[in-house]
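Reviewing the structure listed below.
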Amino acid sequence: MSDDLIKIKVNQKEIQVDKNLTVMQACEIAGEEIPRFCYHDKLSIAGNCRMCLVEIEKAPKLVSSCTMPLMEGMSIITNSEKVNAGRKGVMEFLLINHPLDCPICDQGGECDLQDQAMYYGFDKSRYKENKRAVDNKNMGPLVNTIMTRCIHCTRCVRFATEVAGVPELGMLGRGENAEITTYLEQSITSELSGNVIDLCPVGALTSKPYQFKARPWELKRTDSIDIFDSVGSNIRVDSRAEEILRVTPRTNEYINEEWISDKVRFNYDGYYQQRIDTPYIKENQKLSISNWEESLKVLKDKLKTLKPLALIGEHVDLETGYAIKKFMSNYGKDNVECRTDNHAILESLDSYRFNTPLKDIENADLIILVGTNPKIETPIINHKIFKAYNNDAKVFNIGENISLNYKTEYLGESLSNLNNENIIKALKKSTNPLIIIGSAFLNKIKNIKTLKSIFSYADKYKVITKEKNNLNFLNPYASRVGQLIIGNTTNNLCEPFSNLKKDNFELVLSFGSEHIADEQFNNCFKVYFGHHGDDGAMGSDIVLPTPLYTEKNGTFVNIEGRPQEAKKCHNPIGSAKEEWSILKKLSDELSFDFIPNTFDQLRSELFDKHPILSDYHEIIAVENSISITPYIEFEDCKAEYPVSNFYMSDVISKNSVTMAKCVDEIISTPSLLEKSA
Amino acid sequence: MSGNHPGLSNNFSRSGEKFSWSKDNLRSIKNIISKYPKGREQSAVMPLLYLAQEQNNNWISIECIETIAETLNMPKIRVTEVASFYSMYNTRPVGENLVQICRTSPCWLRGSNKITKTICKETKCEINDTSDDNKFTVVEVECLGACSNGPMIQINNDFYEDLDEESTKKIIDNIKEGKPNVIGSQKGRRSSENA
């Protein structure tokens, strides 16, 4: 729309920009870099660091570009002597009280203040006075504070209030006495709290577990995917030699924006605890150390005679899933299962994924949470719901009366509350309603008619229209959507897994699924492929070590149906071998049809079979949407939430010391659970 | 000004007693909140802090902050921020009489140093300190806006102007003995008329 465009000049270069931008944003479009500390494009504008000064023609003084709206014909100068002198002055003021402790500061080498001081700093200070010292504040087990370094940009305060939705941080006092703190120095109770570490432009807020561990230039960067929930947040894994030292987010505007959950950011110490590093075989009711040759020989003999069933766990990548499927096809159909939690689905993709693109959640004006606690299952999706809530969306909740960081109207325990008149009224008024059906109900639904009825309900109230499908299914597992796309489920009529006749199977192969320990498999011979010693491993007859997601390449499809790649960061621990290569060896010895010799061959075969998966970063289109059938009824089932403790929801975080500290200091302290309204 | 000034400390403490609004205050709160548009009730935080301080022996405890946050339905940290920003909200207990001595240039030129010394001597407490009998807390403050009548002090809600050592001592003595004091100029001036 040309109405919204205005002509301005940046350093005498004429450009056309949207009139609703600020001077700083226009300068960036023009290719001029503006130094800043307090401004952040995901947060509200504060304008308190004054570093972004620019000159505007006819204005008597320098102006802070981040707070200045554009005007037609404005001429902005960013490179004059006056601007430079102004910024130098601001920098000198910022450095009056900033300690010169860069050599012992964790931010050193990736510090905004350090970088910008290279351009605008002086080589020596003109101040002889003592620097001010500030007591460090407690912010919990994740965020380390050295408050003397703080330059009061208030990014962390704005983040906690606006993004995390927990107004617990604030700036007390004023002037020289100003201090950033949490209310009464309690721990931050957000699942996104670690992001303040990235936001802090100086070394005031740093990572507690990463403290004094490494310098940024020593680290090797690997791009990967968060597999601890189903959102598929983009992460970068920083490692030195064979050890991961920290995990930080990669920006992806379609998924996680710039944030990641505390679980993936801090549970990496669990990657190295309780690892299965060598094959084990059960002898006299006790697992004892074995080797690959022996264990595979035993397994091969069993595979010759017994009929196997394969269970797929929550962290299994697509290539592994495909190899498992291919291996198991030698034993017939319907013998691979990833829905071990009885996840009810219909035949098409739109019955088990989040159909609304994640970045569109914030546009909803009505959100109905049905049996899901997004705050602890998928904190990133919760942040997006919070954004919608701040745009005046109304949020209803059905299931348990969970506490979230925004207000919800609670309607009751059972699925049939979807017919509550308050919801119907709101749905009729709403222009962009959104329903999220969570695992708490999906895992309990026994009757396909209920799922079909949900679709007809959504159709009736315009949640599903020709243009959009806002009926969403949310499960917290990274592997689930992808494994269902390649068909790793026993029953295409979508009966719950518990209906499967287990008597037919005599051998269970579990790929990281703890459900192998279930009573129903007591009479089977159990083989566990996994990386951590958990209940699944303890009860098995053979335990084979496999690599973690950071130790191999793999593809994951996130909850909205977007395939992404997690890359290998370092070699597997101990003698762990990738699942596909184990299966390859077995099938060679059993003379099965299992072609791929390398991982790349396996991946290209997977993409040949399922071309929709090869388009990384694009949302998969639904080929055959569910046909809408008349509404019948919602069955009565009690919600049972899949995640009860955010910090310990899977085998890796259960083994993390940092996560254990979080449980101690954040969850177990009851007074902290009371949210300030 | 040192961080020990009761109004300029960022450290809040609990009084250990429950704080709930008095009946009178509940009525005033209703009146105050009605001045702001609906949904903007949080704007009333400053008058409410003032009421709380008055009701709570002239200081803001954590209990006060929590009660205000609840009354106005706002995060506790936001109330804390406001209470710590303004020096006239005392964040720790003060004596029955909070003596604020103006030390800004006009009063200082007219001898506020002597007044400070006299007050410290008579109340037996140092600056930013509370006397042992909890009768007085003495603090130095910047301009209180009565420059033409300097040197001056403020005790609780009252100004005492045109002071010298003698009149200051008398004011303190009267307070100690529970006798009434003449408020305003101690030289009999009305307002700031010519002496």
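Only the coordinates and a few stated rules stand behind these numbers; no lab work does. Just so you know, these numbers come straight off a predicted model, no measurement behind them. Cβ: placed from backbone, ideal geometry, glycine included. Neighbour counts: every protein chain shown.
Treating only the Cβ atoms of Lys and Arg (+1) and Asp and Glu (-1) as charged, compute the dipole magnitude of chain A about its Cα centre; round to the nearest 20 debye.
Roughly 840 debye for chain A.
When the GluC sites (Glu not before Pro) in the range A:217-318 are filtered for DSSP coil states and for at most 11 other beta-carbon atoms within 10 Å of their beta-carbon, the remaining sites are A:E253. Under a 5 Å amide H cut-off, with hydrogens placed 1.01 Å from N, A:L366 pairs with A:K394, A:N432, A:L434 among residues at least 5 apart or on other chains.
Relative to the Cα centre, the charge distribution of the range A:1-147, modelled as +1 at Lys and Arg Cβ and -1 at Asp and Glu Cβ, gives a dipole magnitude of about 620 debye.
Given the -39500 (n - 2.57) contribution per DSSP H run of 4+ residues, what per-residue ellipticity at 222 nm results for chain A, rounded to the nearest 500 deg cm²/dmol? It would help to have the intermediate numbers written out before the result.
Values: 20 runs with 159 residues, N = 677.
Helices in chain A give a 222 nm mean residue ellipticity of -6500 deg cm²/dmol.
Among A:V298, A:V543, A:V651, the order by Cβ neighbours within 10 angstrom, fewest to most, reads A:V298, A:V651, A:V543.
What's the local net charge at A:I76, with K and R +1, D and E -1, over the other residues with C-beta under 9 Å away? Summing Lys and Arg as +1 and Asp and Glu as -1 gives -2. The ranking of A:T67, A:T181, B:T168 by Cβ neighbour count inside 10 Å, starting from the fewest, reads A:T67, B:T168, A:T181.
Rg then Dmax, both in Å and based on the Cα atoms of the protein assembly as shown: 33.2, 116. Please work out the Cα center distance from the range A:486-519 to the range A:260-281, rounded to the nearest Å. With the range A:486-519 and the range A:260-281 each reduced to a Cα centre, they are spaced 25 Å.
Counting only GluC sites (Glu not before Pro) that sit in a DSSP loop (anything but H, G, I, E, B) with at most 13 other Cβ atoms within 10 Å, what is the longest stretch of chain B containing none of them?
Values: sites that count: B:E17, B:E126, B:E142, B:E193.
Result for the longest clean stretch: B:18-125.
Which is the longest stretch in chain A that no exposed loop site breaks, taking sites as trypsin sites (Lys or Arg not before Pro) with a DSSP loop state and at most 11 other Cβ atoms within 10 Å?
On the way: sites that count: A:K58, A:K61, A:K124, A:R126, A:K128, A:K333, A:K407, A:K466, A:K501.
So the longest stretch without any such site is A:129-332.
Applying the criteria of a DSSP loop state and at most 11 other Cβ atoms within 10 Å to the chymotrypsin sites (Phe, Trp or Tyr not before Pro) of the range A:395-455 yields no site. Which entries of A:K42/A:K263; A:K286/A:K585; A:K263/A:K375; A:K429/A:K462; A:K220/A:K568; A:K552/A:K584 show an alpha-carbon separation above 18 angstrom in the structure shown? Beyond 18 Å: A:K42/A:K263; A:K286/A:K585. A Förster radius of 45 Å, combined with the Cβ-Cβ distance separating A:S627 from A:S668, puts the computed FRET efficiency at roughly 0.40.
Note on the range B:76-175: lysine pairs with Cα distance below 18 Å, sequence gap of 8 or more or different chains, count 14. 3J(HN,Hα) couplings calculated from phi for the range A:88-104 with the Karplus curve 6.51 cos²θ - 1.76 cosθ + 1.60 (θ = phi - 60°) are, in sequence order, 4, x, 4, 4, 5, 5, 4, 8, 3, 9, 7, x, 8, 10, 3, x, 10 Hz; Gly and Pro show x.
Sort A:D112, A:D41 by Cβ crowding within 10 Å, fewest neighbours at the top.
Numbers: A:D112 18, A:D41 11.
Placing the least packed residue first, the sequence is A:D41, A:D112.
Given Cα pairs under 8 Å that are at least 6 residues apart, what percent is the relative contact order of chain A? Taking the mean separation of contacting Cα pairs over the length of chain A, I get 15 percent.
Close amide H contacts of B:E140 (hydrogens built in the peptide plane, cut-off under 5 Å, sequence separation of 5 or more or a different chain): B:I101, B:N128. Each residue of the range A:467-482 was assigned a 3J(HN,Hα) from its phi angle through the Karplus expression (A = 6.51, B = -1.76, C = 1.60, θ = phi - 60°), giving 7, 9, 10, 9, 8, 10, 10, 10, 10, x, 9, 5, 8, 4, 4, x Hz with x at Gly and Pro.
For A:K124, the aspartates and glutamates whose Cα falls under 18 Å of its own Cα, not counting residues fewer than eight places away in the same chain, are A:E92, A:D101, A:D115.
In order along the range B:92-100, the Karplus-derived 3J(HN,Hα) couplings, from 6.51 cos²θ - 1.76 cosθ + 1.60 at θ = phi - 60°, round to 9, x, 10, x, 4, 10, 8, 9, 10 Hz, and Gly and Pro are given as x.
Summary: within chain B, the longest segment free of trypsin sites (Lys or Arg not before Pro) located in DSSP loops with at most 15 other C-beta atoms within 10 Å is B:41-123.
Indicate, rounded to the nearest 5 percent, the antiparallel portion of the DSSP beta bridges found entirely in the protein assembly as shown. Before the final figure, lay out each step's value.
Working: 51 of 94 bridges.
Restricted to the protein assembly as shown, the bridges split so that about 55 percent are antiparallel.
Remark on chain B: B:C64, B:C120, B:C125, B:C143, B:C147 stand apart, with no other cysteine beta carbon under 4.7 Å. Counting other Cβ atoms within 10 Å, keep those with at most 15, restrict to DSSP loop, and tell me which GluC sites (Glu not before Pro) in the range A:86-150 are left. Taking the range A:86-150 and a limit of 15 other Cβ atoms within 10 Å, the loop GluC sites (Glu not before Pro) found are A:E110, A:E129. A crude spin-label estimate for the pair A:R126 and A:Q285, with each label 7 Å from Cα along the Cβ direction, gives 8.3 nm.
Which FRET efficiency value, to the nearest 0.05, do you get for A:A241 and B:I183 by plugging their Cβ-Cβ distance into 1/(1 + (r/R0)^6) with R0 = 56 Å?
Details: r = 77 Å, r/R0 = 1.37.
Taking R0 as 56 Å, the efficiency between A:A241 and B:I183 is 0.15.
Less than 5 angstrom separates the built amide H of B:N97 from those of B:F136, B:T137, all sequence-distant by 5 or more or on a different chain. A dipole drawn for chain A from +1 and -1 charges on Cβ atoms has a positive end, and of A:L303, A:Q564, A:G86 the residue lying farthest that way is A:G86.
Too long at a 29 Å Cα-Cα cut-off: which of A:K428/B:K38; A:K326/A:K452; A:K384/A:K468; A:K407/B:K35? Over 29 Å apart, Cα to Cα: A:K326/A:K452. Annotation: the antiparallel percentage among DSSP beta bridges lying fully within the range B:37-195 is about 50. Each helix, a run of at least 4 DSSP H residues, gives -39500 (n - 2.57); summed and divided by the residues of chain B, these come to -11000 deg cm²/dmol at 222 nm. For chain A, the longest principal axis of the C-alpha atoms and the axis of helix A:292-305 are separated by about 50°.
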